[in-house]
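Enquirer: I have a structure here, written as structure tokens, and I will follow up with some questions on it.
Rule-based calculations on the coordinates, nothing more; no lab input. Here the structure is a predicted model, which is why all the values come from computation and not from measurement. Reconstructed Cβ throughout: ideal geometry from the backbone, glycine too, with neighbour counts over all protein chains shown.
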Amino acid sequence: MRGSFDIKKWIENPDELLLIAGPCSVESREQFFDVAMKLSELRRVNILRGGIWKPRTRPNGFEGIGEEGLKWMKETSQVTGLPVMTEVATPEHVELALKHNIDALWIGARTVANPFSMQQLADSLYNCDIPVFVKNPIAPDIKLWLGAFERLASSGLKHLVAIHRGFQDINSSPYRNNPRWEIPIELHRQRTDIPIITDISHICGCRNLLQATAQKALDLATNGLMIESHCHPEIALTDAEQQIKPCDLERMLSGLTIHKSKSNDVDLLLHEFRSQIDGIDDEILQLLAKRSEISSQIGDIKRENNLAVLQLDRWNAILSNHITRGKMLGLKEELVKEIFEAIHKDSIDRQL
Ligand code: PEP
Ligand code: MN
């Protein structure tokens with residue numbers, strides 16, 4: 001048995017990459033035990049995951065093994081020395097998970113989307129010193145995600161982690177859930193005290209995107225990865241398309257470039273470049289302010305001369321000239337288009 005990983009210590013100082021792995025659902029005692037043993041033999045996994053109550057989009061599928069599975073998880077934890085975590089969606093789930101001494105909990109994307117459920121969970125966890133991982137809500141609404149942390153913190157919970165698992169969008173292709181990386185980055189900006197890990201399995205929804213998505217998450221400085229793993233993914237009762245065998249997880253991990261969290265020499269160099277960037281950003285802001293001022297003056301002239309605000313020919317010419325010029329300067333068409341569309345919108349608003 002290996003020494004148990006201290007989840008709270010990691011949350012307080014999340015320098016090392018956290019690795020959570022395990023099946024989407026705990027299906028039987030043997031299934032969980034077998035995959036857990038193989039995962040612990042990799043010597044890379046810190047926490048074992050397993051769903052006991054499964055939120056299924058439509059009824060009558062496998063809805064989880066229930067309380068009995070918590071006993072199997074705990075037995076397995078004692079043999080492997082690894083802490084175990086499961087999903088809770090109701091106060092009854094919380095009560096049972098606490099009764100069985102489950103080491104950490106996660107709250108699923110559908111639950112985080114519902115403030116009533118979140119409040120009930122926060123109330124049922126009042127003053128429990130258990131680590132709680134909070135998935136992003138299914139809708140790309142950062143306020144719901146922030147709100148979930150606020151509710152849990154008001155209930156006295158001190159060890160909180162965010163799990164980025166992607167968002168339901170009209171078009172998420174090729175992913176199952178659109179990652180929208182800008183949202184976890186914004187969460188991190190607003191809550192630097194909360195580590196964020198990436199659930200690549202629920203973002204990808206299929207095995208072949210996992211490696212590249214894990215690398216992207218690492219490049220964006222994720223604090224950890226959650227990956228669904230099953231010894232026989234093809235016969236898994238839930239999420240069969242996205243689970244990977246422990247041996248494939250091992251291969252995937254060895255193909256990843258895991259970045260160092262800090263280096264003093266590089267920090268100095270970065271500091272230099274960052275001050276240059278800050279200077280450039282300031283110039284951009286000053287130029288934008290100057291441009292807006294001129295737009296307002298143009299607005300006055302159009303009003304005095306009874307001219308329409310939107311001059312479509314002029315706008316089309318500006319946009320295509322800027323895109324061509326941008327390309328010559330090595331800038332992507334979409335970037336130039338997005339920036340000038342935003343600038344033009346502001347200009348129109350000022351003239352209306
Ligand atoms: C899960 O982790 O198995 C799960 C159901 O996740 P999510 O809430 O992200 O859909
Ligand atoms: Mn799953």
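Enquirer: Against the conditions (1) in contact with a strand residue (DSSP E or B) (Cβ under 9 Å, 6 or more places away or on another chain); (2) under 20 Å from Ala212 (Cα atoms), where does Ala153 fall short? Just the number, please.
Expert: (2)
Enquirer: Can you pull out the helices (runs of 4 or more DSSP H) entirely within the range 189-266 that have at least 2 residues that are on the phi < 0 side of the Ramachandran plot, in contact with a helix residue (DSSP H, G or I) (Cβ under 9 Å, 6 or more places away or on another chain) and more than 16 Å from ligand 2 (Cβ to nearest atom)? Lay out the reasoning, then the answer.
Expert: Numbers: elements: 200-204, 210-219, 246-254.
In the range 189-266, the matching helices (runs of 4 or more DSSP H) lie at 210-219, 246-254.
Enquirer: Among all residue pairs at least 6 apart or on different chains, which show Cβ distances below 9 Å where the first residue, located in the range 287-314, is of a type in the set (Val, Ile, Thr) and the second is outside any helix (DSSP H, G or I)?
Expert: Ile301/Leu307; Val309/Leu352
Enquirer: Let me ask something else. Quick one: which residue in Gly66, Gly50 is without any contact (Cβ under 8 Å) to a residue 60 or more places away in the chain, within 16 Å of ligand 2 (Cβ to nearest atom) and within 24 Å of Asp239 (Cα to Cα)? Can you show your working first?
Expert: Values: Gly66 fails: within 16 Å of ligand 2 (Cβ to nearest atom).
Being without any contact (Cβ under 8 Å) to a residue 60 or more places away in the chain, within 16 Å of ligand 2 (Cβ to nearest atom) and within 24 Å of Asp239 (Cα to Cα) holds for just one of Gly66, Gly50, which is Gly50.
Enquirer: For residues that are under 19 Å from Val132 (Cα atoms) and out of contact with any Asp or Glu (no Cβ under 9 Å at 6 or more places or on another chain), tally how many sit in the range 201-221.
Expert: Matching residues across the range 201-221 total 0.
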